[in-house]
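Single-structure report; data block below.
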Amino acid sequence: QVVRRYILGSVVDSEKNYVDALKRILEQYEKPLSDMEPKLLSERKLKMVFYRIKEILQCHSMFQIALASRVSEWDSIEMIGDVFVASFSKSMVLDAYSEYVNNFSTAVGILKKTCATKPAFLDFLKQCQESSPDRITLYGLMMKPIQRFPQFILLLQDMLKNTNKGHPDRLPLQMALTELETLAEKLNERKRDADQRCEIKQIAKAMNERYLNKLLSSGNRYLVRTDDMIETVYNDKGEIVKTKERRLFMLNDVLMCATVNIRSSCESGGTISTGQRYLLKWSVPLGQVEVIEYGSSESQGENCRFPPQHSAENVVINTKPNKLYMGPGQLYQDLQNLLHDLNVVGQISHLIGSLRGNYQNLNQSVAHDWTSGLQKLILKKEDEIRAADRCRIQLQLPGKQDKSGRPTFFTAVFNTFTPAIKQSWINNLQMAKLALVEDNLLGWFCVEDDGNQIKKEKHPLLVRHMPVMMAKQQEFKIECAAYNPEPYLSGETESDSCAMEHGFLWIGSCTNQMGQIAIVSFQSSGPKVIECFNVESRILCMVYIPEEEKLKEQNKALDSENVLAKASNVPTICLGMEEGSISIYKSCQGSKKIRLQHFFTPEKSTVMSLTYMSQYLFAGLVNGNISIYTKAEDGSWNTEPQKIVKLGVLPVRSLLVMEETIWAACGGQIFIISTVTHSIETHFEAHQEEGMVISHMAVAGVGIWIAFTSGSTLRLFHTETLKHLQDINIATPVHNMLPG
């Protein structure tokens, strides 16, 4: 309580200082400048410099009144979160702040320019600063609105940390933090949008093409990124003829290449740069840009082995006049020739072995020297290729149609300054192209404060969809999936393997009688079904169980045969079956359909849901029970449940781990079970209507979302107080995307 009171004092003090700073901007700077004759700043510039400060002050004056009222009642109502929610959830706050933040760089630009051109204005600012007790500059005061929400968030996080569960202020504080974090995120988003529009305008202004100016100014075009690169021109032999500095502009739907011309004007003091102009080389639709990669993509990872002496900058950027350099296309041809020669030398070596006489310089040791010499040359050539590829981007671009109307293509080769820039450029290109695909044009919808639905630019993108069924019958239906994040290892040995970031997805699908498992591996080239097999019954649920941390180290010391023996030594996937059984499968690289265990639940009751938590496997059954299984000494699961928890008579369709509890959905009720005592701590109704059955639960922060088998409403509950917070009907956006 003492700490909370102390933090409240900090909130009050910081708010008073903030409101005083806003008043100072208006009283000490804006008012004198607008009253001044002759004017140092025109009316238009004054309005731009102090844009929206009055509205921000108005918001905070109202908040200060509400805050003072709460402070006076603190001994009886020890709550502050609701005051923040009431004050900062209004759309006028977001509008005032976002317009201020978006205009900030323009305002600072006007101040800097006026200081440089009007000494009287600079003197006025200095005088104001020197007469103030803290000597803060006008710029320092104008920065305060930009820093305000991050300060609030830190203070409220501190307050929440010192507010125990069950305290009446805890939920309001969590709501206030959510509100402020969302507000800060929206401000950043609007600032980004404004910056991108500004950048596009600047580029359009500096371009020499009138049609392009028009193109850039139209629609919702935005700039993804700008990069300076070195363009490399090759001759027919694959040798570098010349290199040129270029600037590439990647927009959300267009890729442009330009040469930068620095405009300069001569004055008595010397030459002064007056800005950049761009000479456009080409612009093409982004959707038609293709990256051509030589060899396998494994060699492009940041963590692969590259000799430092062959950095790509040495290959291209330090080019000397009148000297020809080999391009990667030629390097690949050289490598093919070396491999061909190695094969021929192998055949010659075999023939030398069959000679019956002894001849000088024609024996096995000479043949061996030839082979090892060629192998060294091949390794060197591979290193050169890797080094060149690390920073090299080759693009295939659409050209004009030929005389018969067929499309033509041209290639352009660029070098980035680091491998990381190349990788991020290609990633941005792929994401921007994905966003243009028809499936992604609908976008994800988000309801704004005024109730309007807006299309979000930044939303998850559909990469691809693929069939995962082995059988061609149409009646197979995907029921469940489990993800194993264990890295996929490519390469035969430890030394030459590159670990991919992604693991495996196990997908369970069913017909009316049987089940089928498809295992999808996420390799660099994309998802790929690596195995598919049938199981004896329909699969209704599955859960991934990771390898135990303490056993991980021991595993490294054991050989692979011993590892097979113990179930706990490997990651596993548990399947819950309609026939009332649980199957445990080994789930790691190289394992092919290894079933470690198969056992039945009590009374062969259908398994509807599964979850796992530290040595315990929880199975939700169709008869309303939860079976709790423990591990035996050898690491396998005991086939008899340690305990059965009776919840009701309806199926337990969903189980969820939350901190030290398991949340179980049985019919329309949620039961919270302790993971220590395995007994029911509490339960509540998720819907007031009779007959509503819970189908899914998902936790996000301190909120739990609940979906039902019927209806299109999602309900949000607070995980600590179990209070119902919100209902969201998803029918409208779903019908927008999938009519009918």
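The values are calculated or read from the model by the stated rules, or taken from the named source; none is laboratory data. All values reported here derive from a predicted model rather than from experimental measurement. Cβ sites come from the backbone with ideal geometry, for glycine too, and all protein chains shown count toward neighbours. For accessibility, only protein heavy atoms count, side chains too; no ligands or nucleic acids. Shrake-Rupley method; radii C 1.70, N 1.55, O 1.52, S 1.80 Å.
Close amide H partners of residue 225, meaning residues 5 or more places away or on another chain with modelled amide H under 5 Å apart, are 250. In segment 587-653, one over the average inverse separation of all distinct C-alpha pairs is 13.0 Å, which is the Kirkwood hydrodynamic radius.
Overall, the anisotropy analysis places segment 1-203 in the prolate class: the square-rooted eigenvalues a ≥ b ≥ c of its C-alpha gyration tensor yield a/c not less than 1.5, with a/b exceeding b/c.
Computed from point charges on the beta carbon alone (+1 for Lys and Arg, -1 for Asp and Glu), the dipole magnitude for segment 1-203 about its Cα centre is near 600 Debye.
Take 334, 134, 75 and sort them by solvent-accessible surface of the protein heavy atoms, 1.4 Å probe, largest at the top. The partial results should precede the final answer.
Details: 334 30, 134 75, 75 135 Å².
Sorted descending by solvent-accessible area, the residues read 75, 134, 334.
Residue 359 exposes around 120 Å² of accessible area when a 1.4 Å probe is run over every protein chain in place.
Please sort by residue number the trypsin sites (Lys or Arg not before Pro) in segment 1-52 whose DSSP state is loop and whose Cβ has at most 13 other Cβ atoms within 10 Å. List each step's numbers first, then the result.
Numbers: sites: 4, 5, 16, 23, 24, 39, 44, 45, 47, 52; in loops: 39, 52.
Those satisfying the criteria are 39.
Rank by packing, highest mean first: peptides 705-717, 114-126, with packing defined as the count of other Cβ atoms within 10 Å averaged across residues.
Values: 705-717: 16.1, 114-126: 13.8.
So the peptides 705-717, 114-126, ranked by packing, come out 705-717, 114-126.
With respect to the cross-link table entries 45/433; 214/400; 23/723, which display a Cα-Cα separation exceeding 32 Å? Exceeds cut-off: 45/433; 23/723.
Classification of segment 335-409 by its C-alpha gyration tensor yields an oblate form. The axis ratio a/c (a ≥ b ≥ c) is 1.5 or more, and b/c is at least a/b.
Express the relative contact order of segment 1-203 as a whole percentage, based on alpha carbon pairs under 8 Å and six or more residues apart in sequence. Present the calculation step by step, with values, prior to reporting the outcome.
Numbers: 152 pairs, mean separation 60.1, N = 203.
The value is 30 percent.
Placing dummy labels 7 Å off each Cα toward the beta-carbon, the span from residue 714 to residue 426 is 3.5 nm.
The solvent-accessible area of residue 225, taken with every protein chain present and a 1.4 Å probe, is close to 40 Å². With the simple model of a label 7 Å out from the Cα in the direction of the Cβ, residue 475 to residue 135 spans 8.6 nm.
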